[in-house]
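In what follows, a single structure is set out as structure tokens and then discussed.
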Amino acid sequence: MASILRPTTTSLQKNLSVPWLSCPLPNSLTTFTPTRRSSSKCTALFGEIPRDFFQNALNVDDSNPLLPFLQYGLSQFEQVTSGLPENGRWVILTATGLGWIYLTVRPGVLMGAIDAYILAPLQLGFDSLIGRRNLKMSDFVVGERLGEGSFGVVYYGAIVPKNFSVDERVGKAKTRVENDDRFKERVILKKVKVGTKGAEEFGDYEEWFNYRVSRAAPQSCAEFLGSFVAEQTRLEFTKGGKWLVWKFEGDRNLASYLNNRNFPFNLESIMFKRILEGLDPIKRSALIIKQIMRQIITSLKRIHDTGIVHRDIKPANLVVTKKGQIKLIDFGAATDLRIGKNYIPDSGLLDPDYCPPELFVLPEETPTPPPEPIAAIFSPVLWQLNSPDLFDMYSAGIILMQMAVPGLRSTAALKNFNSELKAVGHDLNTWREVTRSRPDLRILDLDSGRGWDLATKLVSERGFLRRGRLSAAAALRHPYFLLGGDQAAAVLSKLSLKK
Ligand SMILES: Nc1ncnc2c1ncn2[C@@H]1O[C@H](COP(=O)(O)OP(=O)(O)OP(=O)(O)O)[C@@H](O)[C@H]1O
């Protein structure tokens, strides 16, 4: 409320200097005082109520991309309703406000429409201009195989340098791109399996989601370079087979760091660019783990804000970049609940070690989604009733437990933990009392047990109305993250790098 009454220059005023939005500011916006407001009758709607009242009421902060639309809407509204009686204005204003809330509440129908009808075509046009949508198999060399999932095989690779001869490119054997200085631009290539049931569809979804997240949360995911279809069968290529390509983001994922005996210290200088001196090992570990969790949950918040649930959050799907950023990968199982994309009611593609007890993002009885625009209209209701984002938050909680409790880091220990958890109804406090594994919980118990409290609020059954687990936004407001020394250390590391 205080900010409504404050007679300061608001961000709205600053933004009104944008030419296409410019409209005269009522005097009351700059000379407004509580006394004037309480004594004057509201005869000219925007003459008496400062515009940041609407900005606050509708929860549109300065960084919100919808702010210009709100500003424009308000100025248009003033013009259109200038001849109407006061009551009529209020009715129209209330209806418009409710409509606005509906369109902007999660998962964001309005932003979804802007994304689908404006941003996606723009991205397509831009990518086509710079040649990203015309990738060919001859643009890449394929190196060592990195891993294999149910629907795809992942390889190291590189973009073929301009001066590279065709003979070399079509070489007799696989090139070791990892250690070859000629290849400056390294990539990750995923070959969608040919002839495996469901693989083609899976590849199409993964491609769609990568374009979608590259618009919605580019900082949080590996940079997607596009796809191509192999024109001939040669080496790893099979004619007609689809390949997806990403920028190479880093040598290792969180799982490989976690499996190392030196975890979390093996990430210390990557995350903070230095050793955190003057702290005992438990406090150092706690700061590193907190910084990792902060990044994971911030990325989850970004994708959840746009209606996407990843559904396969686990250490192997978190790549650690050289700069210490943690990026989400593998969107093949993701679902976009704004439009019902990749949502099949009774199907879950899950890793049992990280999957929440409810197994599905939405109740099984939720029907197959209708066509996309209709699904979008119903999505706010579906989201508010079911909080599907809490699915990923459970997985994040399991990752926190694994990082903070050394005894839970191995696959066998994690399986045992999961079966113990199941036996106690996924209640971490009960697990702590009954487990025979004698877990070392010192990291979580620091600072009056803030870490433990956060873990209990992530690793839990869903409660009343399918809530009861913290969302990403709520988790970031949890005391565990407030006044986080990890942030101070991260900022210091950036400052010292800039020197
Ligand atoms: N952009 C990238 N940069 C660096 N490494 C990557 C990148 N993308 C994937 N990787 C590495 O490749 C591994 C496999 O990738 P991904 O999970 O997408 O494949 P997958 O076939 O779906 O595997 P799975 O089904 O086992 O999850 C990751 O664990 C990661 O280590």
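The values are calculated or read from the model by the stated rules, or taken from the named source; none is laboratory data. Everything quoted here is computed from the prediction, not taken from an experiment. Every residue, glycine among them, receives a Cβ derived from its backbone with ideal geometry; neighbour counts consider all protein chains shown. Just the protein is used for accessible areas: all its heavy atoms, side chains included, with ligands, DNA and RNA removed. Shrake-Rupley method; radii C 1.70, N 1.55, O 1.52, S 1.80 Å.
Key figures
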| item | result |
| --- | --- |
| Residues of the range 376-407 satisfying the condition of being aliphatic (A, V, I, L, M) and open to solvent by 10 Å² or more (accessible area, probe 1.4 Å) | Ala376, Ile377, Val381, Leu382, Leu385 |
| Answer residue from the range 322-340, given it is open to solvent by 10 Å² or more (accessible area, probe 1.4 Å) and within 14 Å of the ligand (Cβ to nearest atom) and is farthest from Phe263 (Cα to Cα) among those | Asp330 |
| Residue pairs meeting the criteria (Cβ under 6 Å; at least 6 apart or on separate chains; first within 12 Å of Leu189 (Cβ to Cβ), in the range 228-251; second within 16 Å of the ligand (Cβ to nearest atom) and open to solvent by 80 Å² or more (accessible area, probe 1.4 Å)) | Gly241/Val194 |
| Matching helices (runs of 4 or more DSSP H) fully within the range 74-138 where at least 2 residues are open to solvent by 60 Å² or more (accessible area, probe 1.4 Å) and under 21 Å from Ile339 (Cβ atoms) | 86-104, 120-129 |
| Residue check, Ser285 within 16 Å of the ligand (Cβ to nearest atom) and either modelled with pLDDT under 95 or more than 30 Å from Leu385 (Cα to Cα) (or both) | no |
| Test: residue in the range 235-247 that is closer than 25 Å to Ala116 by Cα, among the small types (Gly, Ala, Ser), more than 10 Å from the ligand (Cβ to nearest atom) and surrounded by 17 or more Cβ atoms within 10 Å (Cβ to Cβ) | no |
| Which listed residue, of Leu446, Leu454, Leu495, is modelled with pLDDT under 75 and part of a helix (DSSP H, G or I) | Leu495 |
| Near pairs, Cβ below 7 angstrom, 6+ apart or cross-chain, from the range 448-460 (crowded, with 22+ Cβ neighbours inside 10 Å) to any residue that is of a type in the set (Ser, Thr, Tyr) | Gly451/Tyr480; Leu454/Tyr480; Leu458/Tyr394; Val459/Tyr394 |
| Of the criteria (1) surrounded by 14 or more Cβ atoms within 10 Å (Cβ to Cβ); (2) in a loop (DSSP other than H, G, I, E, B); (3) more than 16 Å from the ligand (Cβ to nearest atom), which one Phe183 fails | (3) |
| Odd one out for Asp305, checked against (1) within 16 Å of the ligand (Cβ to nearest atom); (2) farther than 19 Å from Ala404 by Cβ; (3) at pLDDT 90 or above; (4) within 19 Å of the chain's Cα centre (by Cα) | (1) |
| Tabulated pairs, the range 348-376, first under 17 Å from Pro388 (Cβ atoms) and in a loop (DSSP other than H, G, I, E, B), second modelled with pLDDT of 80 or more and of a type in the set (Lys, Arg), C-beta under 6 angstrom, 6+ apart or interchain | Tyr354/Lys314; Glu358/Arg462 |
| Filter result for Val319 (modelled with pLDDT of 95 or more, of a type outside the set (Phe, Trp, Tyr) and open to solvent by less than 40 Å² (accessible area, probe 1.4 Å)) | yes |
| Out of Phe481, Phe464, sole residue that is over 23 Å from Leu385 (Cβ atoms) and modelled with pLDDT under 95 | Phe481 |
| Within the range 189-222, tally of residues that are over 26 Å from Asp251 (Cβ atoms), free of Cβ contacts under 8 Å to residues at least 60 places away in the same chain and buried (at least 18 other Cβ atoms within 10 Å of the Cβ) | 1 |
| Answer residue from the range 253-270, given it is within 29 Å of Ile159 (Cβ to Cβ) and surrounded by 16 or more Cβ atoms within 10 Å (Cβ to Cβ) and is nearest to the ligand (Cβ to nearest atom) among those | Asn253 |
